[in-house]
Structure formats: C-alpha cells, structure tokens
Amino acid sequence: MSERQSFVDPVTIEPGQCDVVGRIMVFDSGIGGLTVARQIQRNRPNEGLLYVADDLGFPYGDWEEGALGDHIEEVVARFAAKWQPSALVIACNTASTLVLPRLRARFSFPIVGTVPAIKPAAEKTVSGVVAVLATPGTVRRDYTRDLISKYAKGVHVELVGATRIAQLAEDKMAGRDVDTALLLQQISPCFVEYQDKRTDCVVLGCTHYPFLLEELEQIAPWPVAWIDPSPAVARQLDRVLAQGAGAECTTTLYRYTSGKDFPSLTF
C-alpha cells in the first residue's frame, strides 16, 4: 500500500468515553460530511457518532476510479472492524456514486449514501432549468445521469463539475479566507438561460458545499434555491435504523485517516 493510502489504526479510545459498539459511522473525504453529521445529530440527539475524515485521500477527484474504490472500501473496513457500527453513512457524493453497491454487498449493517438531490430539484423548479454543482467525478458518473433520466424528465439539467469548491470549504472551516472570485468562477456555469428561462435551482452535489451557502447566496448572478441533500440523507437513516439503535451516549468521535488532530469545529 502506498504512503498516500496508508492510515492509522483507529484503536484509541480516550478515558471516560462510552462504549462505541453500535455507534453510527459517518464517512467523508474531508470535513464536508459534517453538514450531514449535524443533521443526523439533530434527528438523533441521544446517539453517538464516529466521524471519519479521509484527509489522506482528499481530494478524491485526483484518483483513478478503480484505485479510489479499493481505497474507500479498505478505510471503511478498517474502521468498521474496530467500531462495529450499527449503520454507515457515506457523506460524500463521489464515494457514494462509486462504491455503494460493493459496500452493501460486503457489510451487513445498513448503509446510506449521499447522491445528488436531483429529484427534489426537479420537483421544486418552476422554470424547468436546474443545475447540478458537483465534483467532476460525480458529474461524469452513470449513477448521476441515471438519476436525471429517472427523476428529471422534461427538466433541463446543467451538469457542472467544479474542481476547487471543496477546498474553499475546507479553507473556510479552517478559519482561512474564502476566495470569492474563484468561487464565482466555479459556479458561473450553473447560471444559464434555456429557452428564455433561467436556472432557478442549484443542487449542491458535494457535502462540502453547504458550508459556503452564505458566500454562494452573496455572489450568485441571480437568486436561486440551493438544494442541500443533508436533511434527506438523515431522513433515510431514520428509515433504515430504529431510534436508539446507536450507542447510548451523545459523544461524537472524530478521526482523520492521517491521525492528525481534528480541528475544533462548531456545527
């Protein structure tokens, strides 16, 4: 295994923490999945979470698909073997569109993915013109195009692969300034006119993006509805996992795959 793909064993339990068996495990390439984790905590305040941020693998857009799928499966397997989760949430669109079937075939616990919220956008749009703002990997996957074919018939869907927005979200969460000029450059292709109608909904197709909602609203060429998938992901977890099935505590454990300290975050 290459140096990039190596990660620490998730074996440390600090004194005073509750038994982690049954904990809900939330996985993302970085800290973007905290947008999903905070919604899960709102819905299930009496259960613990294990949040795994694969910073060694970030950004996933730089990977070849086969190697990335193997890497994600290995990371999930290592953490799951230690923590024995009652459910897994893949809080990453890129990972979900790539590995959900293989993870579900391997593990017996429920697995909830995060996929572009194309169906809600198609139901919400008035103009019939929506955009999906996501990573290039999510945009090019057949999974995404299948969602469009299934749920957005008659809707013009503009697919926009953004290469820098996830890093801008990481910058904001680390206390660094957000380059709004770069952000505007990245989102501009979402704003189109089609048959005399304009984009009125933009799907946030990466869990990092909602952290930039304030900036997105400020710099958008015109007002649109920004569709955050986090509430739908949390509701799906509620459908597949009974209340109280997680750990009987409210502790959230954070782990980077590199083993470095997790930043102090309020969400």
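Cross-link partners for LYS260 among the lysines, with Cα-Cα distance under 23 Å and sequence neighbours closer than 8 places in the same chain left out: LYS82, LYS172.
The residues of region 19-64 expose on average 29 square angstrom of accessible surface per residue, using a 1.4 Å probe on protein heavy atoms. For LYS124, which lysines qualify as cross-link partners when the Cα separation must be under 24 Å and same-chain residues fewer than eight apart are set aside? Straight-line reach from LYS124, under 24 Å: LYS150, LYS153, LYS197. Amide H contacts under 5 Å for TRP226: VAL202, restricted to partners 5 or more places along the chain or on a different chain, H placed in the peptide plane at 1.01 Å from N. Rg/Rh, computed from the Cα trace of the chain with Rh as the Kirkwood radius, has the value 0.96. Placing +1 at every Lys and Arg Cβ and -1 at every Asp and Glu Cβ, with all other atoms neutral, what dipole size does region 23-164 have around its Cα centre, in debye to the nearest 20? It works out to roughly 560 debye. Got a number for carbon plus sulfur as a percent of the chain's accessible area, 1.4 Å probe? Carbon-and-sulfur percentage of accessible area, whole number: 47.
For LYS119, the aspartates and glutamates whose Cα comes closer than 15 Å to its Cα, not counting residues fewer than 8 places off in the same chain, are ASP146, GLU158, ASP200, ASP228. Once the other residues with Cβ under 15 Å from the Cβ of ALA234 are scored (Lys, Arg +1; Asp, Glu -1), what is the net sum? So the surrounding residues net to +1. Entry comment: accessible area of region 128-202 is 51 Å² per residue, from protein heavy atoms only and a probe of 1.4 Å. For the listed peptides 65-75, 144-154, a ranking on the average number of other beta carbons within 10 Å per residue, highest first, reads 65-75, 144-154. Measuring between their Cα centroids, region 143-161 and region 38-87 lie 27 Å from each other.
The values are calculated or read from the model by the stated rules, or taken from the named source; none is laboratory data. Note that the coordinates shown come from a computational prediction; the quantities given were computed from them, not determined experimentally. Don't worry about glycine lacking a Cβ; one is built from the backbone with ideal geometry, like all the others, and counts go over all protein chains shown. These accessible areas exclude ligands, DNA and RNA; they are computed on the full protein's heavy atoms, side chains included. Shrake-Rupley method; radii C 1.70, N 1.55, O 1.52, S 1.80 Å.
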